[in-house]
Amino acid sequence: QLTKKLDLQGNSFTVIPVGAFLATPYLTHLDLQRCKVERLEEGAFRGLGRLVYLNLASNSIALLYQESLDGLSSLQQLILEGNRIEEIQPGAFGHLGSL
């Protein structure tokens, strides 16, 4: 519960479900690089209001829903390179005031 940095790169998570990280509210850094992620459900990162760094590079994300990144109010760095993003819904970055 007190984890601040979580490196999960190279694992296999096809979908990041709603509330996936609710048990780790103190995270500041999250690395999900090369995890075969195809979809970020709306609300996947809710509860991560302290997160400042999120690496989603080299996955297979095609669509960012309006609320895929909801809850990341402190996020300063978002890495999405190496994905196959085809659509970013309006408002997907709307709550990322520190980005």
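The values are calculated or read from the model by the stated rules, or taken from the named source; none is laboratory data. These figures come from a predicted structure and were not determined experimentally. Heavy atoms of the whole protein, side chains included, go into the accessibility calculation; ligands, DNA and RNA do not. Shrake-Rupley method; radii C 1.70, N 1.55, O 1.52, S 1.80 Å.
Which of these, ARG34, ARG46, ARG84, has the largest mean-square fluctuation under a Gaussian network model of the chain (Cα springs below 10 Å)?
Evaluated over the chain, the most mobile residue of the options is ARG84.
With the cut-off at 22 Å, report for the chain the share of all Cα pairs above it, as a whole percent.
In whole percent, the share of Cα-Cα pairs in the chain beyond 22 Å is 17.
Given the options GLU41, GLU86, GLU67, state which has the largest fluctuation in a GNM of the chain using a 10 Å cut-off (strictly under) for Cα springs.
Among GLU41, GLU86, GLU67, the largest GNM mean-square fluctuation belongs to GLU86.
Find the accessible area per residue for the range 5-99; the probe is 1.4 Å, ligands and nucleic acids are left out, and the unit is Å².
Working: 4780 Å² over 95 residues.
About 50 Å² of surface per residue is accessible.
What's the long-distance tail for the range 20-78, i.e. % of Cα pairs beyond 14 Å? It would help to have the intermediate numbers written out before the result.
On the way: 901 of 1711 pairs.
More than 14 Å apart: 53 percent of the Cα pairs in the range 20-78.
Of all the accessible heavy-atom surface of the chain, with the other protein chains kept in place and a 1.4 Å probe, what percent is carbon and sulfur?
Numbers: 2420 of 5240 Å².
The C+S portion of the solvent-accessible surface of the chain is 46 percent.
Relative contact order, percent, of the chain when contacts are C-alpha pairs under 8 Å separated by at least 6 residues?
24
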